[in-house]
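The structure under discussion appears below in the form of structure tokens.
The values are calculated or read from the model by the stated rules, or taken from the named source; none is laboratory data. Just so it is clear, the model here is predicted, and its values are computed rather than measured. Cβ placement follows ideal geometry from the backbone for every residue including glycine, while neighbour counts extend to all protein chains displayed.
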Amino acid sequence: MLPASVRRPAYDRSKQAAGIVHIGIGAFHRAHQAVYTDEAMGAGDRDWGIIGVSLRSGDVAAQLGPQDGLYTMSARSADGSDLRLIGAVQRVLVAADTPQAVIDAIAAPTTHIVSFTVTEKGYLRRPNGSLDLAAAAGRASLYRFVAAGLAARKAAGLGGLTLLSCDNLAGNGGVLRRLLREYLAAHHLGLSEWFDATCTCPATMVDRIVPKTTDADRAAFEAELGVSDEGAVVTEAFSQWVIEDDFAGPRPCWEKVGAQVVAGVTPYETAKLRMLNGAHSALAYIGLGRGHEFVHQAIADPVIRPVIERLMRDEAAPTIDAAPGQDLSAYADALLARFANPALNHRLVQIAMDGSQKIPQRWLETLAWHQRRERTCPALAEAIDAWIAFLRSGAPIDDPLAERLRVAAAEPDAIRALFAPGGLLPSGWIP
Ligand code: CS2
């Protein structure tokens with residue numbers, strides 16, 4: 001029995017149909033979109049159960065399967081934690097093991113939305129932005145499953161779907177649509193027109209800091225709950241979700257439980273990528289270089305903090321066309337407070353991974369904006385130097401381009417080797 005203080009789903013889980021298939025069911029999805037969906041059903045919405053999909057790893061299925069999809073989420077701050085039991089996830093499929101089950105889930109008449117948190121590299125883009133068709137034909141490709149599921153829907157005379165990218169990419173919905181079109185043109189030409197006519201790909205801005213759950217976290221959950229929870233997730237109190245109002249069919253009433261459904265996501269998304277994520281990546285590389293392990297330690301370092309403030313306030317913020325009521329200075333204040341959260345133990349190495357996939361939208365767009373105005377960005381220049389030092393340091397490089405990055409960073413003119421146009425990273429910025 002869970003302690004009475006743990007909030008539980010306020011609806012009958014056994015009576016809900018699955019309306020959403022979510023591809024990439026990591027900790028972030030479980031602490032973000034799944035929570036909004038759980039709350040929407042708690043507020044009276046029905047039939048929005050989630051079928052989670054892992055493309056490759058069986059870990060989450062092994063964790064959540066025996067728990068009937070249930071897990072606890074702890075929102076932590078310096079003042080304590082708020083524990084909740086989340087009931088939106090019904091089951092978890094592993095695409096590599098049961099591919100047809102994934103296709104059937106996408107093709108089910110009750111499914112209206114397929115959402116994604118596959119990380120930046122999961123979109124399988126080449127540095128020039130086009131789809132890596134060889135990778136997209138491989139086993140761990142979201143495109144294969146989505147295309148096969150859509151083909152089955154069309155064959156069955158069902159409607160299209162809303163395909164909802166929840167990854168930290170600039171213009172994530174448009175990127176997904178463009179890449180999926182490239183895939184369909186190569187493999188399912190007959191589906192392209194139907195896809196255009198029946199499916200939508202809204203843009204989203206997703207924000208919640210969710211460190212990877214550690215064994216120590218799981219032990220702390222067990223001590224607090226009195227039962228073990230293999231699927232538990234740790235996060236902060238803050239959560240934001242801004243979604244472009246462009247749905248192909250029904251959707252949960254996410255706006256009743258705090259999400260913003262708006263005509264244009266760009267100002268929120270740009271601010272989040274360039275300020276929050278841009279600062280995060282800078283904290284990771286500069287912080288690791290100075291011997292820190294966690295984000296809250298790096299932001300407390302009097303040498304690092306002014307660089308991060310400058311990056312957010314003087315370099316990133318001026319590049320953003322704020323939406324009415326969007327206060328970028330207050331946003332920077334809030335981010336500094338969130339980074340300082342001592343209860344999260346957010347590891348810098350977690351943020352440091354996949355730099356080649358993250359840096360273009362986090363740093364290079366800001367640099368290009370200033371370059372067009374003949375201005376320099378000292379804080380971002382320091383961040384880039386720290387990335388190069390990290391690549392040269394001999395520490396493991398967790399990145400799809402790891403070996404090529406290591407070679408480029410070893411060049412005497414590493415900046416040019418990494419960022420020259422037509423090179424490893426897509427960039428409007430010319431070093
Ligand atoms: C982080 C993000 O790991 C990273 O690269 O910058 O996961 C960040 O915590 C989230 O985007 C916050 O919403």
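Between 125, 139, the distinction of being of a type in the set (Lys, Arg) and farther than 27 Å from residue 246 by Cα belongs to 139 only. Only one of the numbered conditions (1) free of Cβ contacts under 8 Å to residues at least 60 places away in the same chain; (2) under 24 Å from residue 108 (Cα atoms) is violated by residue 134, and that is (2).
Rundown of residues vs (1) out of contact with any Lys or Arg (no Cβ under 7 Å at 6 or more places or on another chain); (2) outside the structural domain of residue 390 (by TED's automatic domain parsing), yes/no style:
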{"position": "252", "(1), (2)": "yes, yes"}
{"position": "256", "(1), (2)": "yes, yes"}
{"position": "270", "(1), (2)": "yes, no"}
{"position": "274", "(1), (2)": "no, no"}
{"position": "278", "(1), (2)": "no, no"}
{"position": "284", "(1), (2)": "yes, no"}
{"position": "287", "(1), (2)": "yes, no"}
{"position": "291", "(1), (2)": "yes, no"}
{"position": "314", "(1), (2)": "yes, no"}
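Go through 17, 43, 78, 4 for me and flag whichever is surrounded by fewer than 19 Cβ atoms within 10 Å (Cβ to Cβ), touching a Pro at 6+ places or on another chain (Cβ under 7 Å) and either at pLDDT below 95 or in the same structural domain as residue 233 (by TED's automatic domain parsing) (or both). Just one listed residue meets the conditions, 78.
Checked against (1) under 22 Å from the mean Cα position of the chain (by Cα); (2) modelled with pLDDT under 95; (3) closer than 30 Å to residue 76 by Cβ, residue 335 meets all criteria but (2). Report whether or not residue 236 is closer than 21 Å to residue 351 by Cα, in contact (Cβ under 8 Å) with a residue 24 or more places away in the chain and not β-branched (Val, Ile, Thr). Yes; evaluated as a whole, the condition is true for this residue. Scanning region 30-48 for residues that are out of contact with any Cys (no Cβ under 7 Å at 6 or more places or on another chain) and closer than 22 Å to residue 205 by Cα yields 30, 31, 32, 34, 35, 36, 37, 38, 39, 41, 48. Taking region 198-228 as the search range and keeping residues that are more than 16 Å from the ligand (Cβ to nearest atom) and not in a helix (DSSP H, G or I), which one is surrounded by the most Cβ atoms within 10 Å (Cβ to Cβ)? So the residue we want is 201.
Within the option set 420, 410, 381, 386, being of a type in the set (A, V, I, L, M, F, W, C) and under 13 Å from residue 352 (Cβ atoms) holds for one residue only, 386.
Okay, residues lined up against (1) of a type outside the set (Lys, Arg); (2) surrounded by 22 or more Cβ atoms within 10 Å (Cβ to Cβ):
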{"site": "127", "(1), (2)": "yes, no"}
{"site": "137", "(1), (2)": "yes, no"}
{"site": "144", "(1), (2)": "no, no"}
{"site": "161", "(1), (2)": "yes, yes"}
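For the criterion of being in contact with a Gly (Cβ under 8 Å, 6 or more places away or on another chain) and assigned to a loop (DSSP other than H, G, I, E, B), residue 249 passes. Contact annotation: no residue pair with Cβ atoms under 8 Å, 6 or more positions apart or on different chains, pairs a residue in region 162-186 that is in the same structural domain as residue 275 (by TED's automatic domain parsing) with a partner that is hydroxyl-bearing (Ser, Thr, Tyr). In the set 45, 97, 68, only one residue is farther than 29 Å from residue 215 by Cβ, out of contact with any Gly (no Cβ under 6 Å at 6 or more places or on another chain) and acidic (Asp, Glu); that residue is 45. The sole residue among 53, 35 that is touching a Ser or Thr at 6+ places or on another chain (Cβ under 8 Å) and in the same structural domain as residue 143 (by TED's automatic domain parsing) is 35.
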